Every structure is written in structure tokens, then in C-alpha cells.
Amino acid sequence: MPIKGKLHLHSLPPSSNLLQQQYYFYQARAMASRREGTEYPKAVPPPSQFPEGQWSTGICNCFDDPSNCLLTCFCPCITFGRIAEILDRGNTSCRLQGLIYCAMSHIGCAWLYGGVYRSKLRGFLSLPETPCADWLVHCCCCVCSLCQEYRELKNHGADPSLGWQANVEKWNREGLKPPLPAPGMDR
């Protein structure tokens, strides 16, 4: 069905994936409605680019997000705080979590605290415990594991750099469902 002669279904990018075709159709329709002042339903979010139940990036893909990689190399407490604030749904601030992580690192136990939050993330997103136990990943590859967790949250629609409240506002504005289960629905 054309929209004022500007958008035709046959003008969509060729794809065998029906969900992807619907995505492009609704995106184009939403853009056309903004130009013409016509109200149409909001665009649907893009189809998932990664298999469910698997990590979207590998443990050693730190350079997929170079700015976060650099930040995590020099200040892992900031990255950890951002991740923890999202996983705790804003109940504890990034600053508090970062300070706790920093204190734990001074007594040599940051890997244990990091492992707890990696387990929490895996539980929320139904991810496998790979490449090894969560605490061991944090013990051996602290920076890599924090970077992977940060990327995972971003890939699931939560930007840890914004904080919990800003993410909630973004999801409400865009009409999206939060990627983490509601309180009381923890696994």
C-alpha cells in the first residue's frame, strides 16, 4: 500500500527475512509520517542481530567499543559501576558501585564482586557461563569481562553510560520494553 505515492512495498531492500522486511517498511512509514504530519504507529525495533541464549560478542572483542576498552583499562571501577547500576535497576548508583569495586580491588577481591554481577547479567539474559566460571573470568580477564558485559547490555538496548534513569526515560520515549526483567522476576 503506497503512502501518498512515496513508499511502495516493492521499494524495500531485498531480503528473505520477513521480520527484516517489516522493520524496513515500518521505519520508512514512520519517516514518511514525520515528513507529512500523518500519524502512524512507531517503528518496530530492529530484529535481533545475535542468537538468543548466547553472548553477542566474544570475551576478547574489547576493541568493538574502543572508548569503553580504554576507560575500562584505566578505570575498571567506572565501567563496573555503570554495569552494576543497570543490573540493580538504579537501586544503587554508579558511584557507589564503583567505590565498592575499587575498595574490593585494594584488598584483592574485585574479581569476586565482579563475578557476582556477571552471574546476575547471565541470569537476566539467559547467557551461558562461558568461557569458564564467572569469578574465574573476572579473576583472569577482568578488563575483557567488564568490556564484554558492557557491550552485552548495549546490544540488548541498555546503554550503561546513560545510567538507569536515563535508560528508562529513553525506553519510555521510544515505547520499548526494558531488556531486563521486572523486579521480583529474577532468575
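Before moving on, here are some points about what is shown:
- When we screen Leu127, Leu136, Leu96 for residues that are closer than 17 Å to Gln54 by Cβ and either modelled with pLDDT of 90 or more or touching a helix residue (DSSP H, G or I) at 6+ places or on another chain (Cβ under 6 Å) (or both), the only hit is Leu127.
- Within the stretch 115-123, the presence of at least one residue that is in a helix (DSSP H, G or I), touching a His at 6+ places or on another chain (Cβ under 6 Å) and more than 19 Å from Asn68 (Cβ to Cβ) is confirmed.
- Whether a residue is under 18 Å from Gly58 (Cβ atoms) and under 13 Å from the mean Cα position of the chain (by Cα) was assessed, and His156 passes this test.
- Residue check, Trp111 under 17 Å from Arg82 (Cα atoms), surrounded by 19 or more Cβ atoms within 10 Å (Cβ to Cβ) and in contact with a His (Cβ under 7 Å, 6 or more places away or on another chain): yes
- Restricting the stretch 140-162 to residues that are of a type in the set (Asp, Glu) and in a helix (DSSP H, G or I), the residue that is surrounded by the most Cβ atoms within 10 Å (Cβ to Cβ): Glu149
- Yes/no for Ser126 being of a type in the set (S, T, N, Q), surrounded by 15 or more Cβ atoms within 10 Å (Cβ to Cβ) and touching a Gly at 6+ places or on another chain (Cβ under 9 Å): no
- Checking each residue in the stretch 71-91 for being in a loop (DSSP other than H, G, I, E, B), in contact with a Phe, Trp or Tyr (Cβ under 9 Å, 6 or more places away or on another chain) and not small (Gly, Ala, Ser) picks out Asp88, Arg89, Asn91.
- Any hit, the stretch 147-155, residues being of a type in the set (D, E, K, R), more than 15 Å from Arg82 (Cβ to Cβ), touching a residue at least 24 places away in the same chain (Cβ under 8 Å) and out of contact with any Pro (no Cβ under 9 Å at 6 or more places or on another chain): no
The values are calculated or read from the model by the stated rules, or taken from the named source; none is laboratory data. None of the values given here were measured: they were computed from a predicted structure. Every residue, glycine among them, receives a Cβ derived from its backbone with ideal geometry; neighbour counts consider all protein chains shown.
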